[in-house]
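Read through the structure below, which is laid out as structure tokens, and then see the notes.
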Amino acid sequence: MTAAFQGIKEKYGFIDVLEFSPTSGNYPPTPASQVTEENALDAFQALVVGAIRSVEQVLPEMLAMQDGAILFTTGLSSLYPIPMMGNIGIALSGLHNYANNLHTDLAPQGIYVAHLALGVFIKPGTATDPGLIADAWYDLYTSKSQAEDTFPQGVTPATIIW
């Protein structure tokens, strides 16, 4: 990871925006009653440790410049208990907490940190098109008015768009 970030920095310079959209690791979503130490740790490693390692690659320069944005995209299980997402929800709620703490810690230093929880299954050409999600991120990023939101706004486990 360090080599990849270094290559990007060498080619493009200062990384002013990091957008972290994690995947879940080696295990699929597991119902809460079937979570094991192994599948929970795997999700935590992929989702939380991957985020921490990514932030470590950009944060020192952002702090030096007193500028930048760190954006985290997760699923709705980061905000709500969704039993079928047992192992992943544990990790995503940790990532959500990390994002909120980073926001509180870094906002006074000129660095915007935000979290967007998706309550959709992404399908091009529909109301869940990736371009619409990108627009939601762009709106959050340009306004910097809030640290988190959902897509679509106000979505809950009862209103997830399948």
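Within region 136-162, being outside any loop (DSSP other than H, G, I, E, B), open to solvent by less than 60 Å² (accessible area, probe 1.4 Å) and touching a helix residue (DSSP H, G or I) at 6+ places or on another chain (Cβ under 8 Å) holds for ASP149, THR150, PHE151, PRO157. Considering ALA91, ALA64, the condition of being modelled with pLDDT of 95 or more, under 21 Å from THR23 (Cα atoms) and not in a strand (DSSP E or B) is satisfied by ALA91 alone.
Whenever a residue of region 20-44 is among the acidic types (Asp, Glu), its partners that are not in a helix (DSSP H, G or I), lying with C-beta atoms within less than 6 angstrom and at least six residues away or across chains, give the pairs ASP42/GLY25; ASP42/ASN26; ASP42/TYR27.
Let's see how each residue does on (1) over 18 Å from LEU18 (Cβ atoms); (2) surrounded by 19 or more Cβ atoms within 10 Å (Cβ to Cβ); (3) touching a residue at least 12 places away in the same chain (Cβ under 8 Å):
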position	(1), (2), (3)
ASN101	no, no, no
LEU116	no, yes, yes
VAL120	yes, yes, yes
ASP129	yes, no, no
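Scanning for something at pLDDT 95 or above, among the polar types (S, T, N, Q) and in a helix (DSSP H, G or I), does region 19-37 turn up at least one residue? Looking for residues that are at pLDDT 95 or above, among the polar types (S, T, N, Q) and in a helix (DSSP H, G or I), one finds at least one in region 19-37, hence yes. Only one entry of LEU79, LEU41, LEU18 meets the criterion of being open to solvent by less than 20 Å² (accessible area, probe 1.4 Å) and not small (Gly, Ala, Ser), and that entry is LEU18.
The values are calculated or read from the model by the stated rules, or taken from the named source; none is laboratory data. Predicted model, so just to flag it, every value in this text is computed and none were measured. Neighbour counts are summed over all protein chains in view; Cβ atoms, including those assigned to glycine, are modelled from backbone coordinates with ideal geometry. Note: accessible area is taken over every heavy atom of the protein model, side chains too, but ligands, DNA and RNA are not part of it. Shrake-Rupley method; radii C 1.70, N 1.55, O 1.52, S 1.80 Å.
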